[in-house]
Amino acid sequence: QKEVEQNSGPLSVPEGAIASLNCTYSDRVSQSFFWYRQYSGKSPELIMSIYSNGDKEDGRFTAQLNKASQYVSLLIRDSQPSDSATYLCAVKEVNRDDKIIFGKGTRLHILP
Amino acid sequence: DGGITQSPKYLFRKEGQNVTLSCEQNLNHDAMYWYRQDPGQGLRLIYYSQIVNDFQKGDIAEGYSVSREKKESFPLTVTSAQKNPTAFYLCASSNRQANTEAFFGQGTRLTVV
């Protein structure tokens, strides 16, 4: 069974600091990796997607992928109170069964 | 506007009743998914469908049923066999032909009364 593991937190980070969120996955054939942000009572919204090894930057967000270690991370620079949410890691196999499996999420709390 | 519409937003069910949650998308996506989320938990896959008239069980399919008669629609029925149905239900879709993410509807919050 494919698994996606995340530390549930809460992770508390001072405003303006860097928040680092981590995720490991068990299935080596996973090809697509996503980070979603979910506010309480709302549906998840995509923050970042990454498909190849290395770093991908988008504004204050950087996703990092290491397929050999089966590890994907999300860095949030200059953390803002509005970043306080649950962050979900998701993995997808393309052209196989197309299942998208989510981790349990990490609760992030930005301290003003 | 393209997107995914779930209805209703809130649903109350009596013990022993079946209820059906609606999910419609106009994104022309082949793949559709149903997830369940319990308080403080991640998303658990109930059912997913890659094409019309075909669907597969996810990790927690017991007590649920689905159909995929049209590309745009993927309704979920919560049957009386589901012993603990109170949860937040999320429908999603994605493009099978591309390395793209899942797009979510607004969710349906189901409560057993």
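The values are calculated or read from the model by the stated rules, or taken from the named source; none is laboratory data. It should be emphasised that the depicted structure is a prediction, and the values quoted were computed from it without experimental measurement. Virtual Cβ from ideal backbone geometry, glycine too; neighbours counted across all protein chains shown. All accessible areas refer to the heavy atoms of the entire protein, side chains included, with ligands and DNA or RNA removed. Shrake-Rupley method; radii C 1.70, N 1.55, O 1.52, S 1.80 Å.
Taken over the stretch B:17-42, the residue count meeting the criterion of being at pLDDT 95 or above and facing chain A (nearest Cβ under 8 Å) is 2. Within the stretch A:51-66, one or more residues are within 21 Å of B:Ser93 (Cα to Cα) and over 10 Å from the mean Cα position of the chain (by Cα).
Taking residues in the stretch A:25-37 that are within 12 Å of chain B (Cβ to nearest Cβ), and partners anywhere that are assigned to a strand (DSSP E or B) and modelled with pLDDT under 85, not one pair has Cβ atoms closer than 8 Å while being at least 6 places apart or on different chains.
Can A:Ser20 be described as buried (at least 18 other Cβ atoms within 10 Å of the Cβ) and either farther than 21 Å from B:Arg36 by Cβ or without any contact (Cβ under 8 Å) to a residue 24 or more places away in the chain (or both)? For A:Ser20, the condition - buried (at least 18 other Cβ atoms within 10 Å of the Cβ) and either farther than 21 Å from B:Arg36 by Cβ or without any contact (Cβ under 8 Å) to a residue 24 or more places away in the chain (or both) - is not met. Just one of the listed residues (A:Ile100, A:Ile110, A:Ile18) is within 14 Å of another protein chain (Cβ to nearest Cβ) and hydrophobic (A, V, I, L, M, F, W, C), namely A:Ile100.
Here's the yes/no breakdown for (1) modelled with pLDDT of 95 or more; (2) within 19 Å of B:Asp38 (Cβ to Cβ); (3) of a type outside the set (Val, Ile, Thr); (4) open to solvent by 30 Å² or more (accessible area, probe 1.4 Å):
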position: B:Gly58; (1), (2), (3), (4): no, yes, yes, no
position: B:Gly63; (1), (2), (3), (4): yes, yes, yes, no
position: B:Pro75; (1), (2), (3), (4): yes, no, yes, yes
position: B:Ser80; (1), (2), (3), (4): no, no, yes, yes
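The set of residues from the stretch B:76-101 being polar (S, T, N, Q) and not in a loop (DSSP other than H, G, I, E, B) comprises B:Thr77, B:Ser93, B:Ser94. In the condition set (1) modelled with pLDDT of 95 or more; (2) closer than 17 Å to A:Ser8 by Cα, A:Ile101 is compliant with all but (1). Number of residues in the stretch A:6-39 that are aliphatic (A, V, I, L, M) and under 11 Å from the mean Cα position of the chain (by Cα) equals 1. When B:Ser49, B:Ser67 are checked against the criterion of being of a type in the set (S, T, N, Q) and within 11 Å of chain A (Cβ to nearest Cβ), B:Ser49 stands alone in meeting it. Among the residues of the stretch A:28-42, those that are open to solvent by 30 Å² or more (accessible area, probe 1.4 Å) and not basic (Lys, Arg) comprise A:Val29, A:Gln31, A:Tyr39, A:Ser40, A:Gly41. Of all the residues in the stretch B:88-106, those that are in contact (Cβ under 8 Å) with a residue 12 or more places away in the chain, more than 7 Å from chain A (Cβ to nearest Cβ) and open to solvent by 10 Å² or more (accessible area, probe 1.4 Å) number 4.
Being charged (D, E, K, R) and closer than 16 Å to A:Glu3 by Cβ narrows it down to one of A:Asp27, A:Asp98, so name that one. Only one candidate qualifies: A:Asp27.
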